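Visitor: Before I ask anything, let me first share the structure, which is written out below as structure tokens.
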Amino acid sequence: MSETVAEPTAPLRARAEIDLAALRANVRVLRARARGAALMAVVKSDAYGHGALPCARAAVEAGATWLGTATPEEALALRAAGLDTRVLCWLWVPGGPWRQAVEADIDVSLSGMWALREVTEAARQAGRPARVQLKADTGLGRNGCQPADWPELVDAALRAEAEGLLRVTGLWSHFACADEPGHPSIAAQLTRFREMVAYAEERGVRPEVRHIANSPATLTLPETHFDLVRPGIAMYGISPSPEIGTPADFGLRPVMTLSASLALVKHVPAGHGVSYGHHYVTPGATTLGLVPVGYADGIPRHASGTGPVLVDGKWRTVAGRVAMDQFVVDLGGDEPEAGAQAVLFGPGDRGEPTAEDWAQACGTIAYEIVTRIGTRVPRVHVNGAQAG
């Protein structure tokens with residue numbers, strides 16, 4: 001997991017600047033949206049590429065009372081770094097580090113009987129009860145327990161609880177289409193979730209939290225908030241879907257700004273091929289700028305010919321193919337110096353493209369744009385000290 005990188009004394013080839021003040025402000029906005037519910041800050045996948053530990057700490061400073069991770073390794077790293085906030089971890093495979101999670105007081109998600117068997121054995125070995133949350137598949141068809149299998153899982157969990165091997169701390173699920181306003185699956189899943197929660201509670205489960213709301217549901221579906229909301233991408237200032245609104249519509253600010261220093265600016269004649277395959281040929285005499293990041297840094301190759309970049313105050317477009325370590329922009333005769341900043345994306349309020357602009361250019365979603373930025377690009381965390 002990334003930690004804060006000190007400000008360098010020499011220009012960086014590239015940097016992903018992470019504004020922790022923006023992240024804290026976003027958490028406060030999301031808490032206000034879900035007033036009455038606790039907030040779980042989802043910091044999986046190195047906080048969606050933003051650096052898990054600094055972002056987790058900033059989220060907790062802003063009032064998050066839970067942290068969410070996919071893998072147990074991510075959860076254990078939070079504990080190893082000294083974060084004692086409640087942590088839920090939900091993506092397990094057989095043979096996972098169940099005992100370490102139990103001993104670290106991490107809430108573990110169970111979707112089937114194999115997981116219940118493994119966590120109860122880990123609890124026996126650890127000599128302490130496991131904190132578990134039962135996940136219901138209410139229609140996403142991914143992880144989670146099917147309704148037909150729910151009674152077996154609930155009843156087995158209650159028996160283990162009676163033996164002192166575990167404590168059922170939560171009941172939860174995940175939406176398939178909350179980012180598509182009015183999609184019929186939203187109401188269907190919410191109804192199914194209420195039914196499955198009711199069954200568990202009638203059998204004797206007393207959860208600390210019931211939760212189903214992801215980022216879009218936190219922003220637009222107050223009836224889904226229950227005891228806890230789990231914003232992920234929204235916490236980083238990116239809208240989960242253009243269909244439900246822009247970040248600004250919700251009072252959110254993008255947290256990551258990705259930039260690089262031009263490695264070269266040169267004059268070329270008309271008819272000059274650019275990058276592999278010569279998919280771009282200069283229409284006239286021009287200047288080219290070399291941006292020293294490529295698909296090894298997480299810049300999508302699908303952005304070849306389409307990705308937007310702000311250089312010298314103007315939007316430019318990736319000229320030709322994105323290569324492993326670099327790409328080219330046609331500067332149209334402008335002559336910025338080598339070392340000038342090229343901003344690939346940021347909040348957008350200084351004229352630069354946004355992650356959503358890159359998503360549109362690549363035919364993907366903004367989640368992928370930020371999470372794919374590679375480890376070769378240092379994360380530089382700014383505004384880490386919260387004002388008193």
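The values are calculated or read from the model by the stated rules, or taken from the named source; none is laboratory data. Not measured: the values here are computed from a predicted model. Note that each Cβ is placed from the backbone with ideal geometry, even for glycine, and that neighbours are counted across all protein chains shown. What goes into the accessible areas is simple: the full protein's heavy atoms, side chains included, and nothing from ligands, DNA or RNA. Shrake-Rupley method; radii C 1.70, N 1.55, O 1.52, S 1.80 Å.
Visitor: Before we move on, is GLY388 in contact with a Lys or Arg (Cβ under 9 Å, 6 or more places away or on another chain), part of a loop (DSSP other than H, G, I, E, B) and modelled with pLDDT under 95?
Guide: no
Visitor: Filter the range 25-40 for residues that are open to solvent by 10 Å² or more (accessible area, probe 1.4 Å) and modelled with pLDDT of 95 or more and give the result.
Guide: ALA25, ARG28, VAL29, ARG31, ALA32, ARG33, ALA37, ALA38
Visitor: Among the candidates GLY333, GLY313, GLY339, GLY307, single out the residue that is open to solvent by 60 Å² or more (accessible area, probe 1.4 Å) and small (Gly, Ala, Ser).
Guide: Just a single option satisfies the conditions, and that option is GLY313.
Visitor: Only residues that are farther than 18 Å from ASP19 by Cα, without any contact (Cβ under 8 Å) to a residue 60 or more places away in the chain and not small (Gly, Ala, Ser): list them for the range 330-359, please.
Guide: ASP330, ASP334, ASP357, TRP358 - these are the residues of the range 330-359 that are farther than 18 Å from ASP19 by Cα, without any contact (Cβ under 8 Å) to a residue 60 or more places away in the chain and not small (Gly, Ala, Ser).
Visitor: Could you tell me which of the residues VAL322, VAL318 is in contact with a Phe, Trp or Tyr (Cβ under 9 Å, 6 or more places away or on another chain), part of a loop (DSSP other than H, G, I, E, B) and modelled with pLDDT of 95 or more?
Guide: None of the other options fit; the residue is VAL322.
Visitor: Only one of these conditions is not met by VAL43: (1) over 30 Å from VAL293 (Cα atoms); (2) buried (at least 19 other Cβ atoms within 10 Å of the Cβ); (3) of a type in the set (Val, Ile, Thr). Which number is it?
Guide: (1)
Visitor: Here are some residues: GLY82, GLY95. Which one is closer than 27 Å to HIS50 by Cα, within 28 Å of the chain's Cα centre (by Cα), without any contact (Cβ under 8 Å) to a residue 24 or more places away in the chain and in a loop (DSSP other than H, G, I, E, B)?
Guide: Exactly one of GLY82, GLY95 is closer than 27 Å to HIS50 by Cα, within 28 Å of the chain's Cα centre (by Cα), without any contact (Cβ under 8 Å) to a residue 24 or more places away in the chain and in a loop (DSSP other than H, G, I, E, B), namely GLY82.
Visitor: Ok, one more. Is it fair to say ARG321 is under 20 Å from ALA16 (Cα atoms), open to solvent by 20 Å² or more (accessible area, probe 1.4 Å) and either free of Cβ contacts under 8 Å to residues at least 12 places away in the same chain or in contact with a helix residue (DSSP H, G or I) (Cβ under 9 Å, 6 or more places away or on another chain) (or both)?
Guide: no
Visitor: Can you name the number of the only condition in (1) in contact with a strand residue (DSSP E or B) (Cβ under 7 Å, 6 or more places away or on another chain); (2) surrounded by fewer than 24 Cβ atoms within 10 Å (Cβ to Cβ); (3) closer than 14 Å to ALA38 by Cα that PRO222 fails?
Guide: The failed condition is (1).
Visitor: Select from the range 362-377 the residues that are open to solvent by 30 Å² or more (accessible area, probe 1.4 Å) and either in contact with a strand residue (DSSP E or B) (Cβ under 6 Å, 6 or more places away or on another chain) or polar (S, T, N, Q) (or both) and write down the one among them that is nearest to LEU23 (Cα to Cα).
Guide: Among those that are open to solvent by 30 Å² or more (accessible area, probe 1.4 Å) and either in contact with a strand residue (DSSP E or B) (Cβ under 6 Å, 6 or more places away or on another chain) or polar (S, T, N, Q) (or both), it is THR371.
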